[in-house]
1. Give just the number: which of (1) open to solvent by less than 90 Å² (accessible area, probe 1.4 Å); (2) modelled with pLDDT under 90 does K27 not satisfy?
2. Considering only residues that are within 27 Å of L57 (Cβ to Cβ), among the small types (G, A, S) and either part of a loop (DSSP other than H, G, I, E, B) or over 14 Å from the mean Cα position of the chain (by Cα) (or both), which ones fall in region 7-40?
3. Kindly check whether there is at least one residue in region 47-67 that is at pLDDT below 95 and touching a strand residue (DSSP E or B) at 6+ places or on another chain (Cβ under 8 Å).
4. Looking only at region 1-15, which residues are open to solvent by 80 Å² or more (accessible area, probe 1.4 Å) and closer than 13 Å to V50 by Cβ?
5. Is there any pair linking a residue in region 46-59 that is touching a residue at least 12 places away in the same chain (Cβ under 8 Å) and assigned to a helix (DSSP H, G or I) to one that is open to solvent by less than 60 Å² (accessible area, probe 1.4 Å) and of a type in the set (A, V, I, L, M, F, W, C), with Cβ under 9 Å and at least six apart or on different chains, and which?
Amino acid sequence: MPSDQAQFESIKTQTLSQLASLRANPKPSYTVDGQSVSWESYVESLQRTVDWCDEKLVGREPFEEHTQART
């Protein structure tokens, strides 16, 4: 099973691919038989997914903390 980090990276990559495709071929929002399809809302949802992945990935990066003792 892939690590959490690998899964976050995979989700982000797939979502960015979907965003690129939607931006290259934008679709209009429409309503059919009372059911609405809002492409703008869908794109915003995908962007929130990318942002969520970024937040999760930042929390997993190695870090250093520099401290200095005072006497």
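1. Unmet condition: (1).
2. Hits for region 7-40 are S21, A24.
3. no
4. Within region 1-15, E9, T13, Q14 meet the criteria.
5. Sorted first by the residue in region 46-59, then by its partner, the pairs are L46/L19; L46/L22; Q47/L19; V50/L19; C53/F8; D54/F8; K56/F8; L57/F8.
The values are calculated or read from the model by the stated rules, or taken from the named source; none is laboratory data. None of the values given here were measured: they were computed from a predicted structure. Here Cβ is always computed from backbone atoms with ideal geometry, including for glycine, and neighbour counts include all displayed protein chains. When the accessible area is computed, the model is the full protein with side chains, heavy atoms only, and any ligands, DNA or RNA have been set aside. Shrake-Rupley method; radii C 1.70, N 1.55, O 1.52, S 1.80 Å.
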